[in-house]
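Notes follow the structure.
The values are calculated or read from the model by the stated rules, or taken from the named source; none is laboratory data. Since the model is a prediction, treat every value here as computed from it, not as a measurement. A quick note on method: Cβ atoms are made from the backbone with ideal geometry, for glycine too, and the neighbour counts reach across all protein chains shown. Just so you know, the surface numbers come from the protein's heavy atoms only, side chains and all, with ligands and any DNA or RNA stripped out. Shrake-Rupley method; radii C 1.70, N 1.55, O 1.52, S 1.80 Å.
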Amino acid sequence: MSILVTGGAGYIGSHTCVELLRNGLELVIVDNLSNSSLESINRVRKVTGKGFPFYEIDIRDKDGLKSVFSENKIDAVVHLAGFKSVGESVQIPLHYYHNNISGTLTLCDVMKTFGVKKLVFSSSATVYGNTESVPLVEDTPLGATNPYGRTKWMLEEIFRDLFISDNEWSIALLRYFNPIGAHESSLIGEDPNGTPNNLTPYITQVAIGKLNKLRIFGNDYETPDGTGIRDYIHVVDLAQGHLKALSKVVSTTGIEAYNLGTGKGYSVLEVVSAFEKVSGKTIPYEIVERRAGDIAKCYSDPSKANHELKWRAEKGLREMLEDAWRWQENNPNGYATVNNKPLQIFTRS
Ligand code: NAD
Ligand code: UFG
């Protein structure tokens, strides 16, 4: 079976590609490298020892996508390409709506043209808005607190309309909780541009001396230690969720949302303390104001994915942080340090 992965050079995409390749699937990867580097594609090849075509294409480029579908047999699509920064989405909402929504519409148009109606989509726990009825189950009413979240929510609704119009489609909406960690090889991992927004890369950059101290956004939440609680999930567990979701979508039709989380929440202070144990480093921090848009608690009830996808997150917080730290130590400047010869690349002129 041959799978098109959009956004395959990114953090979750690269780990997902490794798991799909390891399980015997053939891949075609499309990414415009707007938030990633070719080196991650090289590393996917290195980790798996497998080759695949890579197209440096924007998913809004309809003719470009059509050529990908013409030149390759595609059975299903794993769609991860999109912008993901909450803060940036507030500053430049039109970029987010154009990229995430127009890009997805273009992809669906091309899939339809080529009769490919099997799709696994990267949604997010952000579609639960600021509800605090944890643990979150899939039928919790949806909402959004920022343009990024709204793109995911809107896309989920668009996919539902698409299925209503044509029930040959089969779509899995994967609602990721907080992916962290890296591949155990430390060849692939998270490589944020500039100062990280997310907790774990911020902590690892403090530990390696690139940043002075962590700022903890509020310790007056209604949680046992006052800091925010999140459901951190190892990125490799998350990647395996895509494999299970693919098995489901290719064997059925319909549209279903699945929480991909561990079901267990940890506070910011618990993460800091666990990281200090695994790394042997002290993480200096200060408590600052709450970050706008943050909520106190967000963790999943993953039972639906456990039962219907036969998927379960296996790795605990310690392993997530060990792998994140190993990646950071071995790649202090992320992918920027190396300049290997790229794979065969297809670009449109
Ligand atoms: P990432 O930025 O590392 O990966 C996204 C990839 O998509 C990048 O390689 C980028 O270059 C590519 N891309 C963006 N726009 C594109 C376009 N128009 N055409 C082609 N390629 C394009 O982000 P990630 O963390 O790997 O996230 C992957 C997906 O998962 C995103 O859709 C994101 O919204 C979603 N998600 C991420 C998180 C998280 O915490 N990382 C949580 C929930 C959902
Ligand atoms: N935090 C800090 N200091 C930092 C960074 C984060 O205290 O420097 C805290 C936050 O306040 C929050 C927790 O650490 O309590 C986790 O914050 P992240 O920024 O790592 O993650 P979020 O839960 O805010 O959001 C992430 C993604 C979103 C996605 C959401 C759910 O960034 O895109 O998970 O999947 F929607």
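For this structure, a couple of remarks:
- Exactly one residue out of G241, G265 is open to solvent by less than 40 Å² (accessible area, probe 1.4 Å) and either touching a Leu at 6+ places or on another chain (Cβ under 8 Å) or among the aliphatic types (A, V, I, L, M) (or both): that is G241.
- Matching option when the condition is open to solvent by 30 Å² or more (accessible area, probe 1.4 Å) and either within 11 Å of ligand 1 (Cβ to nearest atom) or of a type in the set (D, E) (or both), among D161, D231: D161
- Inter-residue pairs, beta-carbon under 8 Å, first within 18 Å of V249 (Cβ to Cβ) and more than 10 Å from ligand 1 (Cβ to nearest atom) and in segment 64-89, second open to solvent by 20 Å² or more (accessible area, probe 1.4 Å) and not in a loop (DSSP other than H, G, I, E, B), 6+ apart: F69/T113; D75/K118; D75/V250; A76/K118; A76/V250; V77/K118
- Condition check for A305: under 19 Å from the mean Cα position of the chain (by Cα) and buried (at least 16 other Cβ atoms within 10 Å of the Cβ): yes
- The numbered conditions (1) farther than 28 Å from E168 by Cα; (2) more than 16 Å from ligand 2 (Cβ to nearest atom); (3) of a type in the set (G, A, S); (4) within 19 Å of the chain's Cα centre (by Cα) are all true for A76 except (1).
- One residue stands out among those in segment 28-50 that are outside any loop (DSSP other than H, G, I, E, B), free of Cβ contacts under 8 Å to residues at least 60 places away in the same chain and open to solvent by 10 Å² or more (accessible area, probe 1.4 Å): the one that is nearest to P192 (Cα to Cα), which is D31.
- Filtered by the rule that a residue be open to solvent by 20 Å² or more (accessible area, probe 1.4 Å), part of a loop (DSSP other than H, G, I, E, B) and touching a residue at least 40 places away in the same chain (Cβ under 8 Å), segment 268-294 gives K281, P284, E289, R290, R291, G293, D294.
- Residues satisfying the stated conditions in segment 188-228, i.e. charged (D, E, K, R), assigned to a loop (DSSP other than H, G, I, E, B) and surrounded by fewer than 22 Cβ atoms within 10 Å (Cβ to Cβ): K210, K213, D220, E222, D225
- Residues of segment 67-103 that turn out to be open to solvent by less than 40 Å² (accessible area, probe 1.4 Å), closer than 23 Å to K118 by Cα and out of contact with any Lys or Arg (no Cβ under 8 Å at 6 or more places or on another chain), as a count: 10
- Checklist (1) closer than 22 Å to G241 by Cα; (2) open to solvent by less than 50 Å² (accessible area, probe 1.4 Å); (3) within 16 Å of ligand 2 (Cβ to nearest atom) applied to L25, failing item: (3)
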